[in-house]
Each structure stands twice: as C-alpha cells, then as structure tokens.
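The values are calculated or read from the model by the stated rules, or taken from the named source; none is laboratory data. Please read all numbers here as calculations on a predicted model, not as lab measurements. For neighbour counting, all protein chains shown are included, and Cβ atoms are generated from backbone atoms with ideal geometry for every residue, glycine included.
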Amino acid sequence: MSCESGHYNVENLVRSGVVLAVGLPLALSLGGLTGAVTRTLEQSAADPTASATVNLKERLAAPCLRYMLSKDDSKLEREAKTDIDEVMGGQVSYLETCKWVL
C-alpha cells in the first residue's frame, strides 16, 4: 500500500508540474495582453485630440473623395466644397485638406 500511495504522489507532483509549466506562460501572456489593452484604452482616453482627428477625417472622407474625383468647376465639385466648408467651419484649401484626409 505504501508503494501505491508513493506512486500516486509522484503522479500528482508530475501532473501539477505539467499544469504549472503549461498554465503559467498562458496566464502570463493573457495578463500581458490585458495590460496592453488597458494601456491603449487609457492613452486614447487621455488624448481626446486623437479621437477628434479620427472623427474629423471620417466626416471629411466622403466629401473629399467627391472633390478629388470630380471634374473642375462641376456641380459635384461645388457640392463637395460646400460640404467640406460646413465640416471645417469655413473655407479651406480643399486640395491640401483632402490630401490630409485621404
């Protein structure tokens, strides 16, 4: 009986060691991933200008595409310029603005 119980103890120790060897790196990598996501979210919350820049570019994307693809002095170009003016709050250099957006 003592031999069998010693055998079970060794098996339990080996099993525990294998679980630790496999589980520990997995747990540490998940912890690192969670930390990286948390840091990214904190940085984006701390930097509202980055979010505002992305929002501005999203709002200007469609008018800028219309402006860049339209013929000169066409109705489509004038409408695109008007839309860009409305988003920007006044007249801008359309070509430079759209280069920045696209």
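Given the conditions (1) surrounded by 10 or more Cβ atoms within 10 Å (Cβ to Cβ); (2) more than 28 Å from the chain's Cα centre (by Cα); (3) at pLDDT 70 or above; (4) of a type outside the set (D, E, K, R), which single one is not true for A21? It fails just one condition, (1).
Quick check on the stretch 67-76. Is at least one of its residues at pLDDT below 80, over 27 Å from the mean Cα position of the chain (by Cα), loosely packed, with under 10 Cβ neighbours inside 10 Å and charged (D, E, K, R)? No: the stretch 67-76 contains no residue that is at pLDDT below 80, over 27 Å from the mean Cα position of the chain (by Cα), loosely packed, with under 10 Cβ neighbours inside 10 Å and charged (D, E, K, R).
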